[in-house]
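Worksheet: the structure to be examined is printed underneath.
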Amino acid sequence: MKIAIIPARGGSKRLPGKNIKLLGGKPLIAWTIEAAIKSNVFDHVFVSTDSEEIARVSRDYGAKVPYLRPAELASDTATTNDVITHLVDWLGKKNLMPVSIICVLQPTSPFRNASHIIEAFEENKQKSAKAIVSVCELEHPLQLCNQLGSDGSMVSFIQYKDIKRTQDYKPTYRLNGALYIFDREYVGRMSELYSMGTFAYIMDSKSSIDIDTLEDFEYAEFLLSRFHHLIDI
């Protein structure tokens, strides 16, 4: 059984209520639920939440919410690994069909669409992968980045040998948090994802927006108003 899990905690300190905040006329989480259902690759699309309101909205858009998370999985310290493990174990205890593949879809990535999900699953099949993780290209070369000391000193910030023309740097990539596909064996040990058998699914920067702050949300609104014809959910 292939399942999608959308983790959506009710508490959000940086942008309160973000998972059901209206983007383009519908709740943020609805973008991910609709993309998952439209992809037609899942046997079930689940939302894991501690919020009655998020649960109601999620069900309205076609997702299954089998329970509300216990308090210990709704805290700031609860990890995605904890949430996924809890839901998969719950399904096992209910003696439902065994889960073989899990896809974690963050609700804060509204422009990761059905096509992205389909393509990632096709890559998973073609490469006989154990896991697929979405990434996007960094906007600036990693060689031009570093940490600053407490006084803001830039001593040894950049090594002169690393300074090149922008076009001469090789692309570097970062996790964008939009999509994780992995075999059942990684449930409970997602920290081991980045190992042999895991491959990257590369997404463009517009599709990779991750909403965590009001500024992120406003940028998503701008993209939606400006490039709506390019955003296919």
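The values are calculated or read from the model by the stated rules, or taken from the named source; none is laboratory data. Because the structure is a prediction, the values reported are computed rather than measured. Using ideal geometry, Cβ is built from the backbone for each residue, glycine included, and neighbour counts are taken over all protein chains shown.
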For residues that are acidic (Asp, Glu) and over 30 Å from GLY25 (Cβ atoms), scanning just segment 184-231, find the one that is surrounded by the fewest Cβ atoms within 10 Å (Cβ to Cβ). GLU185
Those residues of segment 145-171 that are under 21 Å from ILE202 (Cβ atoms), at pLDDT below 85 and surrounded by 10 or more Cβ atoms within 10 Å (Cβ to Cβ) come to a total of 1
Looking at PHE42, PHE46, which is the one that is hydrophobic (A, V, I, L, M, F, W, C), surrounded by fewer than 21 Cβ atoms within 10 Å (Cβ to Cβ), in contact with a strand residue (DSSP E or B) (Cβ under 8 Å, 6 or more places away or on another chain) and closer than 16 Å to PRO107 by Cβ? PHE42
GLN126 meets each of (1) touching a helix residue (DSSP H, G or I) at 6+ places or on another chain (Cβ under 9 Å); (2) more than 29 Å from ASP216 (Cα to Cα) with one exception, condition (1)
Taking the criterion of being at pLDDT below 90, among the polar types (S, T, N, Q) and either over 22 Å from the mean Cα position of the chain (by Cα) or crowded, with 18+ Cβ neighbours inside 10 Å (or both), would at least one residue in segment 123-131 satisfy it? no
With the structure loaded, tell me whether ILE118 is surrounded by fewer than 16 Cβ atoms within 10 Å (Cβ to Cβ) and touching a residue at least 60 places away in the same chain (Cβ under 8 Å) or whether it fails that test. yes
Those residues of segment 103-137 which are farther than 22 Å from PHE227 by Cβ and in contact with a Leu (Cβ under 9 Å, 6 or more places away or on another chain), in sequence order: CYS103, VAL104, LYS130, ALA131, ILE132, VAL133
